[in-house]
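The values are calculated or read from the model by the stated rules, or taken from the named source; none is laboratory data. All figures in this text were calculated on a predicted structure; none of them were measured in a lab. Ideal geometry is used to build each Cβ from the backbone, glycine not excepted, and the neighbour counts take in all protein chains shown.
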């Protein structure tokens with residue numbers, strides 16, 4: 001199809017690199033080299049992922065300890081922002097400031 005279009009017309013109509021009837025890109029040696037490098041990198045990643053750093057016994061409790069420490073930090077931060085306690089006499093003390101008639 002592309003040959004007939006190229007022979008009968010000036011060029012390929014529309015964009016030749018996208019669409020349903022696009023022109024296939026030639027595979028170069030750089031593309032092959034980059035694909036091999038990517039596959040080697042993926043193989044190395046799979047190798048290291050398949051060998052865990054910690055044992056399952058060590059991994060079982062590590063997150064719980066970290067979460068407990070984070071929760072204590074959040075709780076202390078909220079406790080420090082809590083206002084100081086006031087008694088009822090502190091709240092009602094302003095009511096007696098203008099009692100000039102009782103003196």
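Please go through the stretch 49-60 and give me each residue that is exposed (fewer than 10 other Cβ atoms within 10 Å of the Cβ) and out of contact with any helix residue (DSSP H, G or I) (no Cβ under 8 Å at 6 or more places or on another chain), ordered by number.
Residues satisfying the conditions are 49, 50, 51, 53, 55, 56, 57.
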Of all the residues that make up the stretch 54-81, how many are at pLDDT 85 or above and assigned to a loop (DSSP other than H, G, I, E, B)? 0
Filtering the stretch 25-52 for residues that are at pLDDT 85 or above and not in a helix (DSSP H, G or I) leaves a count of 6
Find the residue count for the stretch 86-103, including only residues that are modelled with pLDDT of 85 or more and assigned to a loop (DSSP other than H, G, I, E, B). 2
